[in-house]
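Below: the structure, in structure tokens.
Every number in this text was worked out from the coordinates using simple rules, so none of it is lab data. All figures in this text were calculated on a predicted structure; none of them were measured in a lab. Cβ placement follows ideal geometry from the backbone for every residue including glycine, while neighbour counts extend to all protein chains displayed.
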Amino acid sequence: MATRQQARMAVVSLLYAYDLGNGNTSEHSNEILEEKKIRNKQKDFALGLYEGVMEHIEEIDKAIVEHLKEWDFERLGAIERATLRLATYEILFGELDSAVVINEAVEITKSFGTEQSPKFINGVLDAIAKDHKAK
């Protein structure tokens with residue numbers, strides 16, 4: 001059985017594919033999750049996250065852009081952008097404590113991103129979480 005972290009990693013993969021111009025990712029999300037052995041409750045969890053991100057993508061991207069310091073959203077790596085989108089969705093719309101969400105995103109980034117990615121992801125998400133908490 002897949003873990004929630006594996007489900008999140010699969011969602012990052014879906015968002016990565018979407019970001020690279022695969023507009024039909026939503027149509028194939030079930031097959032992609034099945035390939036990654038994300039099934040049952042974890043599949044429902046992953047699809048809920050993916051659909052939530054896609055539903056709120058403009059608001060999520062706006063929050064990310066507001067908290068990028070001296071960095072252009074378009075210059076972000078696709079993996080970093082996908083990870084930020086997922087974690088920002090969970091911070092803004094989810095029920096988990098933001099520290100847990102940030103930790104999960106950092107761990108995912110260690111698997112997929114560059115050596116500098118975890119620190120960058122942590123900083124941006126921490127700023128988003130603090131701003132969201134203040135509202």
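Run the paramagnetic zone check for K119: 7 angstrom along Cα to Cβ, then residues of the range 61-76 with backbone nitrogen under 17 Å.
Inside the label zone: 69-71.
Any idea how far apart K62 and R75 come out in nm if each label point goes 7 Å out from Cα toward Cβ?
2.5
Of the peptides 40-50, 125-135, how do they stack up when ordered by the mean number of other Cβ atoms within 10 Å, highest first?
40-50, 125-135
Using only Cα atoms, find the angle between the long axis of helix 40-55 and the longest principal axis of the chain, and express it within 0 to 90 degrees, rounded to the nearest 10.
Relative to the chain, helix 40-55 is tipped by roughly 50 degrees.
Could you run the Karplus curve 6.51 cos²θ - 1.76 cosθ + 1.60 with θ = phi - 60° over the range 72-84 and give me ³J(HN,Hα) per residue in whole Hz, x for Gly and Pro?
8, 3, 5, 8, 4, x, 4, 5, 5, 5, 5, 5, 4
Too long at a 31 Å Cα-Cα cut-off: which of K36/K133; K37/K119; K37/K69; K36/K69?
Correct reply: K36/K133; K37/K69; K36/K69.
Measure nothing but the geometry: give the 0 to 90° angle between the long axis through the Cα atoms of 98-112 and the longest principal axis through the Cα atoms of the chain, rounded to 10°.
Between the helix axis and the principal axis of the chain, the angle is about 70 degrees.
Report D for the chain in µm² per second (integer): Stokes-Einstein, Kirkwood Rh on Cα pairs, 37 °C, 0.692 mPa s.
223
Could you work out how far helix 57-67 tilts from the main Cα principal axis of the chain, as a 0 to 90 degree angle to the nearest 10?
It works out to around 30 degrees.
Which loop-located chymotrypsin sites (Phe, Trp or Tyr not before Pro) does the range 57-135 contain, where loop means any DSSP state but H, G, I, E or B and the Cβ has at most 15 other Cβ atoms within 10 Å?
Filter output for the range 57-135: W71.
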